[in-house]
1. When A:Lys103 is evaluated against the numbered criteria (1) out of contact with any strand residue (DSSP E or B) (no Cβ under 8 Å at 6 or more places or on another chain); (2) over 30 Å from A:Val52 (Cα atoms), which criterion, by number, is the only one it fails?
2. Just to verify a result, which residue in the range A:1-52, among those that are part of a loop (DSSP other than H, G, I, E, B) and of a type in the set (Val, Ile, Thr), is modelled with the lowest pLDDT?
3. Restricting attention to the range A:225-241, does a residue exist that is over 25 Å from B:Ala58 (Cα atoms), touching a residue at least 60 places away in the same chain (Cβ under 8 Å) and in a helix (DSSP H, G or I)?
4. Give me the residue from the range A:82-97 that is within 22 Å of A:Ile44 (Cβ to Cβ) and either of a type in the set (Val, Ile, Thr) or more than 14 Å from chain B (Cβ to nearest Cβ) (or both) and, out of that set, surrounded by the fewest Cβ atoms within 10 Å (Cβ to Cβ).
5. Look at A:Glu188 and say whether it is without any contact (Cβ under 8 Å) to a residue 40 or more places away in the chain, in a loop (DSSP other than H, G, I, E, B) and surrounded by 12 or more Cβ atoms within 10 Å (Cβ to Cβ).
6. Quick one: which helices (runs of 4 or more DSSP H) sit completely within the range A:74-172 and have at least 1 residues that are touching a Lys or Arg at 6+ places or on another chain (Cβ under 7 Å) and in contact (Cβ under 8 Å) with a residue 40 or more places away in the chain?
7. When only residues in the range A:229-277 that are hydroxyl-bearing (Ser, Thr, Tyr) and under 17 Å from A:Ile151 (Cβ atoms) count, which is surrounded by the most Cβ atoms within 10 Å (Cβ to Cβ)?
8. Name, by its number, the condition in (1) modelled with pLDDT of 80 or more; (2) surrounded by 15 or more Cβ atoms within 10 Å (Cβ to Cβ) that does not hold for B:Asp76.
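The values are calculated or read from the model by the stated rules, or taken from the named source; none is laboratory data. Keep in mind that this is a model prediction, so the values were computed, not measured. For neighbour counting, all protein chains shown are included, and Cβ atoms are generated from backbone atoms with ideal geometry for every residue, glycine included.
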Amino acid sequence: MDERLFINLIPGNTFLDKLQGKTKVRIFLICIVALIATWDMRVILPFAVLSVVGLVSLKPNWKKMWGVFAFVIAMNLFNLFLLYIITPDYGLNVCGASTVLFKFTDFYVVTAETLWYFLVRFTKLMGSFIVSLTFIQCITPSEMAAGLNSIGVPYKICTIFSLAFRYIPDITKDFNNIKISMQARGMELDPKKTSLWERLKQNVIILVPLIITSFDRVGNIANAMDLRGYGKGKTRTYYSEHEETSNDKKMKYFYTFLLIVTIAVIVLRIVMPGEFEVWTPWI
Amino acid sequence: MKFNTKTIVGIAIGAALFGVLMVYGGIRVTTNTSLTSAMVVTVVVGALFGPIPAALAAGVGNCIADLIGGWGFWFDWSIGNLVLGLFVGLLPVYGAKINEGVFTVKHAVIYSVLCILGNIIGFGLVTPVLTTVFYSSELTITWIQAWSAIVSNATVLIVVGVPVLFALAKRNARGTNLTKE
């Protein structure tokens, strides 16, 4: 479980790490909105490539990363498989044609448009996954709060985000501690010795103390924050938000450009919606 | 809406638990929906802090789950969860004061009805509408997902939620038989 939760508490030293929280949050939000807003491969592909470049530039620990990638790719492929089972000729709805490549039965046909749609969908979801991953890898919880605050989110909501992210590694730690102490009391969690149903029941047994200890801690954390004067002022400044560097200024032009592109894509989609959702090169 | 520090911390911890449990603590039913233990967190936040904190914990929690889960962002579902959280968290409003140990069978019935209602409004109405607005496609699949979400969430909320609420009320009821002299 813990390999998959990479929350950084100390900023790293690559290009993206050294940017301001403000810049990171804005670039992330623009990329995510762009990836959500469109089904046009001409827009999705550049953003997906950009996110891959971002991830590579962070020099992440690839050994840790492969497991996550395998899981996400498998899940997305499984989703596509389900989609295919329900509507084999999905491409007809979204691309507006069906060029049959070959048939399993009369219902289960493979069309070029469906395959194209699946490719677009896969790129889109992988793109937004890699953007999220890059974002999590390069940001610390308080930089995230500072960034959200800079785009006008009330600072108490920002605190909710940063505190929640800060708390996730603690959940992992608590979960493992509870699991170990349950095992010490004789609970069998070895997958070879217990059935799946038994293990599910045991996980529920772990959850109850996890939830109770977490909420018992609310009072302590709140008192600590109150003692440090949290929530007294109308606004808040962030210690983690350093001054604008020259790279931040350069990135400002870059994300302004991305913002204009994204707005243009959304406006175009509303003003001149195409007859079909997905742009297909051969139609 | 003014939150004190305790409520903010409660929402944050609720959101973190919701996010983690949504990714790891569930049995997948269809794509995007699962029989998830995350719903229990909404119940606890609702019981301790009320409707708006529960809604925020569920909404923020779903965003966090999207961020660490790797299935892409589905804000329509986050908002669906937010609406559901609002309904689930109504507990103190109709008199089920868990903090003071008050939770009776009558409250359990109201709670169950509100859970089903909240699910139908959240995932049967708000999510499909927002899906059309944000993504403007895939409505057939959203419907299938919405119905399975309604059924699985309502199951978890009622089958697990009611015993949890009784247990929480019992846990908090220790001081209630004292009278002030």
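1. (1)
2. Within the range A:1-52, the subset part of a loop (DSSP other than H, G, I, E, B) is A:1, A:5-20, A:38-40.
Checking the rest, the ones that are also of a type in the set (Val, Ile, Thr) come to A:7, A:10, A:14, A:38.
On the way: A:Ile7: 74, A:Ile10: 78, A:Thr14: 85, A:Thr38: 81.
Step by step, filter the range A:1-52, then rank; the result is A:Ile7.
3. No, there is no match, as no residue in the range A:225-241 is over 25 Å from B:Ala58 (Cα atoms), touching a residue at least 60 places away in the same chain (Cβ under 8 Å) and in a helix (DSSP H, G or I).
4. The first filter runs over the range A:82-97 and keeps only residues within 22 Å of A:Ile44 (Cβ to Cβ), leaving A:82-84, A:87, A:90-97.
In the following step, the residues that additionally are either of a type in the set (Val, Ile, Thr) or more than 14 Å from chain B (Cβ to nearest Cβ) (or both) were identified as A:87, A:94, A:97.
Working: A:Thr87: 15, A:Val94: 19, A:Ala97: 13.
Among residues in the range A:82-97 that are within 22 Å of A:Ile44 (Cβ to Cβ) and either of a type in the set (Val, Ile, Thr) or more than 14 Å from chain B (Cβ to nearest Cβ) (or both), the one surrounded by the fewest Cβ atoms within 10 Å (Cβ to Cβ) is A:Ala97.
5. On the way: without any contact (Cβ under 8 Å) to a residue 40 or more places away in the chain: yes; in a loop (DSSP other than H, G, I, E, B): yes; surrounded by 12 or more Cβ atoms within 10 Å (Cβ to Cβ): yes.
So A:Glu188 fits the description; yes.
6. Details: elements: A:90-95, A:112-138, A:141-150.
Output list reads A:112-138, A:141-150.
7. From the range A:229-277, those hydroxyl-bearing (Ser, Thr, Tyr) are A:230, A:235, A:237-240, A:245-246, A:253, A:255-256, A:262; that's our starting set.
Those left that are additionally under 17 Å from A:Ile151 (Cβ atoms): A:235, A:237-238, A:240, A:255-256, A:262.
Working: A:Thr235: 7, A:Thr237: 9, A:Tyr238: 19, A:Ser240: 17, A:Tyr255: 18, A:Thr256: 12, A:Thr262: 23.
Out of the qualifying residues, it is A:Thr262.
8. Here B:Asp76 clears every test but (1).
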